[in-house]
1. Among (1) touching a helix residue (DSSP H, G or I) at 6+ places or on another chain (Cβ under 9 Å); (2) farther than 18 Å from Gly128 by Cβ; (3) of a type in the set (Ser, Thr, Tyr), where does Tyr250 come up short?
2. Could you grab the pairs with beta carbons closer than 7 Å, sequence gap of 6+ or different chains, first residue in the stretch 225-240 and touching a residue at least 24 places away in the same chain (Cβ under 8 Å) and outside any helix (DSSP H, G or I), second one surrounded by fewer than 22 Cβ atoms within 10 Å (Cβ to Cβ) and β-branched (Val, Ile, Thr)?
3. If I go through the stretch 50-86 residue by residue, how many of them are of a type in the set (Ser, Thr, Tyr), in a loop (DSSP other than H, G, I, E, B) and within 22 Å of the chain's Cα centre (by Cα)?
4. Can you pull out every residue in the stretch 208-243 that is of a type in the set (Gly, Ala, Ser) and crowded, with 20+ Cβ neighbours inside 10 Å?
5. In the stretch 64-95, what count of residues is obtained for those that are out of contact with any helix residue (DSSP H, G or I) (no Cβ under 6 Å at 6 or more places or on another chain), at pLDDT 95 or above and among the polar types (S, T, N, Q)?
6. Which of the residues spanning the stretch 201-219 are more than 16 Å from Leu176 (Cβ to Cβ) and in contact (Cβ under 8 Å) with a residue 24 or more places away in the chain?
7. Determine which member of the set Leu121, Leu164 is assigned to a helix (DSSP H, G or I), touching a residue at least 60 places away in the same chain (Cβ under 8 Å) and more than 29 Å from Val33 (Cα to Cα).
8. Name the residues in the stretch 124-150 that are touching a Gly at 6+ places or on another chain (Cβ under 8 Å), buried (at least 20 other Cβ atoms within 10 Å of the Cβ), in a helix (DSSP H, G or I) and among the hydrophobic types (A, V, I, L, M, F, W, C), would you?
Amino acid sequence: MISPAESAPPWPAPATGRERTAIRLELAVVLVVTFGLSGASALLSLVESALAPGGVGGQTVALNPSRATRSTIDLLYQLLSVLRLLGWGALGLYLLWRSGFGPRLIGLARIRLRGDVLPGLALAALIGLPGLGLYLIAHALGLSVTIVPSSLGDHWWRLPALILAAVANAVAEEILVVAYLLTRLRALGWSERRSLLASAVLRGSYHLYQGLGGGLGNLVMGVIFGGYWQRTTRLWPLVLAHAAIDTVAYLGYTVLHGHVSWLP
């Protein structure tokens, strides 16, 4: 296990003057372009679901929908979505690098079995299993939409595309919502707890399209993931855990849907 003392980078003193203004402007632009706008859109989607006939529980949302009738064009659409998310993650990495925080300092150096892979698998189990239970309970109570992890057609590329989508989600979210946001808020002088709450609320906000259950579950995930990064400054476990959770959800639904009674 990595101790905070071993992994913590030499964080500079909080920014002052024009630098603080520049960081605030940068944060505003990044959030509008990426997950901040997604959060506002998800909130509107939740309101729309609540006002629709049947309420939130009567709605269905596809996480990876088919976007074209022709297989090749649909595949290209899926790859563009993956590229967009990877681009968001790259934007966060670039802005941190420009400020002196390279990949090593945020925990994306060489991946290690004991320091990254095993904690990542543990985090995936810690979040994934209770998360599935929370979804099933929230859905039964009408607090969650019916989530369809994949509505892609039975194409040869369906499973690889779903795995790529899971990895891209993990890369974009953990780099931007954890490493980038917490680093930037620290530079503005925010306390660790306040920064962690902001990161968790952001993560919960852009999942509100799934219903209140999805928003709450991801808020809790944000607290656990963000707190882990603050203690260890290792980002690989979060990326691996997130990718594993999404991959299991996407592929598991594809395999099990229609064959088990407990899956909506």
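1. The single condition Tyr250 does not satisfy is (2).
2. Arg234/Ile2
3. 1
4. Scanning the stretch 208-243 gives Gly211, Gly213, Gly214, Gly215, Gly217, Gly222, Gly226, Ala241, Ala243.
5. 3
6. Leu208, Tyr209, Gln210, Gly211, Leu212, Gly213, Gly214, Gly215, Leu216, Gly217
7. Going through Leu121, Leu164 in turn, the sole match is Leu121.
8. Passing the criteria: only Ala138.
The values are calculated or read from the model by the stated rules, or taken from the named source; none is laboratory data. Being a predicted model, the structure only gives us computed values, none of them experimental. Every residue, glycine among them, receives a Cβ derived from its backbone with ideal geometry; neighbour counts consider all protein chains shown.
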